[in-house]
Amino acid sequence: MDKNNIIRDKSYAFAIRIVNAYKFLTESKKEFVLSKQLLRSGTAVGALVAEAIFAQSGPDFLNKMNIALKEANETKYWLALLKDTGYLEEDQYDSISNDCKELVALLVSIVKSMKITLKR
């Protein structure tokens, strides 16, 4: 399995967790505003990675991965805000936040590698 497949698989699994978190937040906590932001940014990561896999060029791939990285970073923000406002318990936050941090690290690595490749 190459990096593209790892990031694709992990970002898809993360999107599923985000959808389930959204359902929990809206059904159990009756929170609709922050959870919608979380849903948008958290699922966008996987969608952008899926697009990047079929990018038309190296720069197109890099651009999509960069945007996926920005969305993952935004997701970290919404998760922290949901925890700090009491909508997510510490253990819920820790679990999904660790997955998000792992995605960010993978995306940073992919973006750095691609920048080096494109400079050659």
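The values are calculated or read from the model by the stated rules, or taken from the named source; none is laboratory data. Fair warning: this is a prediction, and the values are worked out from it, not measured in the lab. With ideal geometry, Cβ positions are generated from the backbone for all residues, glycine too; neighbour counts draw on all protein chains shown. Accessible surface is based on the protein model in full, side chains and every heavy atom, while ligands, DNA and RNA are left aside. Shrake-Rupley method; radii C 1.70, N 1.55, O 1.52, S 1.80 Å.
Looking at region 23-78, what % of the alpha carbon pairs are farther apart than 15 Å? Value for region 23-78 (Cα pairs over 15 Å): 51 percent.
Taking the empirical scaling 2.2 N^0.38 Å for compact globular proteins as reference, region 1-44 has a Cα radius of gyration ratio of 1.34.
Quickly estimate the mean residue ellipticity at 222 nm for the chain, helices only: each DSSP H run with n ≥ 4 gives -39500 (n - 2.57), and the total goes over all residues, rounded to 500.
Values: 4 runs with 103 residues, N = 120.
So the calculated ellipticity at 222 nm is -30500 deg cm²/dmol.
Taking a straight line from the alpha carbon of LYS30, these lysines sit under 25 Å away, with near neighbours fewer than eight places off in the same chain left out: LYS76, LYS83.
Hey, any idea what % of the chain's accessible area is carbon plus sulfur with a 1.4 Å probe?
Details: 3730 of 6830 Å².
Here carbon and sulfur together make up 55 percent of the probe-accessible area.
Rg and Dmax, both from the Cα atoms of the chain and both in Å, are 14.9, 52. Helices that extend 15 Å or more along their long axis by alpha-carbon positions and average at least 0.0 on the Kyte-Doolittle scale are, among the DSSP H runs of the chain, 33-53, 90-119.
Heavy-atom accessible surface of the chain, averaged per residue, reaches 57 Å², computed with a 1.4 Å probe. A simple spin-label model places pseudo-atoms 7 Å from Cα toward Cβ; at GLN92 and SER109 they are separated by 3.0 nm.
How big is the C-alpha Rg of region 49-97 next to the rule-of-thumb value 2.2 N^0.38 Å, as a ratio? Spell out each step's value before the answer.
Numbers: Rg = 14.8 Å, N = 49, 2.2 N^0.38 = 9.7 Å.
Normalised Rg, Cα atoms only: 1.54.
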